[in-house]
1. Report, ordered by chain and residue number, the lysines lying within cross-link reach of LYS131, taken as a straight Cα distance under 29 Å and ignoring same-chain residues fewer than 8 apart.
2. Whole angstrom only: what separates the Cα centroid of the range 178-257 from the Cα centroid of the range 264-318?
3. When ligands, DNA and RNA are left out and all protein chains stay put, how many square angstrom of accessible area per residue does the range 71-154 have with a 1.4 Å probe?
4. In nm, to one decimal, how far is the ASP83 label point from the LYS297 one, both placed 7 Å along Cα→Cβ?
5. May I ask you to compute the full-extension gain from GLU317 to LEU214, defined as 0.36 nm times their residue separation minus their alpha-carbon distance, rounded to one decimal in nm?
6. Mind checking the full-extension length gain between LEU288 and GLN247? Use 0.36 nm per residue of separation minus the Cα-Cα distance, one decimal, nm.
7. If you keep only loop residues by DSSP, which chymotrypsin sites (Phe, Trp or Tyr not before Pro) in the range 183-222 have at most 14 other Cβ atoms within 10 Å of their Cβ?
8. Give the accessible area for SER144 in Å² (nearest 10); use a 1.4 Å probe, count only protein heavy atoms, and leave out ligands, DNA and RNA.
Amino acid sequence: MGRRQTDSDLHRFTLWVLFLIAAISCCMAYYSFSVSLKGNSDTIFVGSSESWRGNEEEREGDGCCGGVEHLELWGDAMKWGSDFKLNSSEECCRACKEMCEGDNGPCLCDSWVFCGNKQDCGSRFGECWLKKQKDALDPDWRDSGDKVIWTSGLVFGKGEGIIKLKTEHGIVNVKLFPDCAPHSVYYILELLSLQHCAGCQFYRAESRGNSWDLQGNHIEHAPYGPPYALIQGTVDAYGTVFKDIPQEACPTIRRGSIAWVGSGPDFFISLANHHEWKKAYTVFGQVLPEDMEIVEKISQLPTIPDVWSNVKVAVLERPVPLRFIRMRKSP
């Protein structure tokens with residue numbers, strides 16, 4: 001025979017029902033955010049802002065030191081690996097970074113090559129070669145493929161690794177993060193060598209609306225979209241074969257962050273500090289602050305309302321062609 005329900009039992013039951021309702025509401029909000037970016041939706045996870053508790057001083061790129069496996073870069077040796085052995089590719093990367101002069105000085109080392117597989121490397125295991133490229137935006141590729149025993153990476157100093165994103169509304173300068181997103185940056189560097197980028201364009205534009213201020217900070221009690229404070233596009237150039245980018249470093253999305261939607265080739269530039277999106281997107285670059293006004297201009301262009309997976313979005317009436325180009329070399 002069942003036990004009679006007491007007032008205490010009823011109270012606990014009521015609390016349990018309220019908890020279930022709250023949990024379902026949170027799940028619905030999470031889903032709504034997760035589909036707000038069109039692309040590989042199965043790889044997109046955007047969370048609620050309410051549970052975010054982060055360090056406001058966190059910077060993109062802190063702690064990153066990665067490279068690409070099965071890739072060997074050539075270049076002038078600043079330090080010979082036969083005389084310089086370390087325990088990991090990360091240590092090799094950091095040794096290269098230590099050759100950068102001050103906060104704004106050039107890097108005497110801008111690339112590194114490490115042999116980290118004991119079986120394949122044999123006596124060369126642990127070799128760390130620190131190198132200097134003639135052109136860091138067009139590194140000297142020695143070899144690549146599964147049989148290559150080396151892992152290689154690039155390092156850009158504070159004023160280095162800057163490319164241009166050209167649009168009809170102006171040119172945006174972009175700082176790349178090869179140590180945090182090496183696969184992503186190598187793909188962008190490949191685009192620099194193309195004579196065109198047909199098919200590359202921005203197709204979605206949403207302003208900060210009344211939810212974020214000029215600095216990209218969220219306004220208290222305002223909704224988190226729509227609009228979602230971003231411009232979104234693709235770099236899937238006609239005539240090229242795009243390979244999915246593996247997930248790399250995913251710092252908090254901040255104003256000016258450039259990140260992939262899923263595994264690419266779709267990407268977005270954020271107009272705001274999206275703490276509510278957690279750390280779900282691979283960030284491979286950052287728009288320089290002085291060029292954000294061009295991004296803002298694009299976000300204000302005429303759009304057509306649309307719905308993607310039950311989420312309201314704004315699609316540009318006329319897509320904006322884009323192309324990544326390199327900065328002109330100093331004479």
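1. Answer for LYS131, where 29 Å is the Cα cut-off: LYS79, LYS85, LYS97, LYS118, LYS147, LYS158, LYS164, LYS175, LYS243, LYS329, listed by chain and number.
2. 7 Å
3. Details: 4650 Å² over 84 residues.
Ligands and nucleic acids excluded, the figure is 55 Å² per residue.
4. Taking the two extended label points, one gets 5.3 nm.
5. That works out to 34.6 nm of additional length.
6. 12.4 nm
7. Passing sites in the range 183-222 do not exist.
8. That residue has around 70 Å² of solvent-accessible surface.
The values are calculated or read from the model by the stated rules, or taken from the named source; none is laboratory data. Predicted model, so just to flag it, every value in this text is computed and none were measured. Every residue, glycine among them, receives a Cβ derived from its backbone with ideal geometry; neighbour counts consider all protein chains shown. Please note that ligands, DNA and RNA were not included when accessible areas were found on the heavy atoms of the full protein model with its side chains. Shrake-Rupley method; radii C 1.70, N 1.55, O 1.52, S 1.80 Å.
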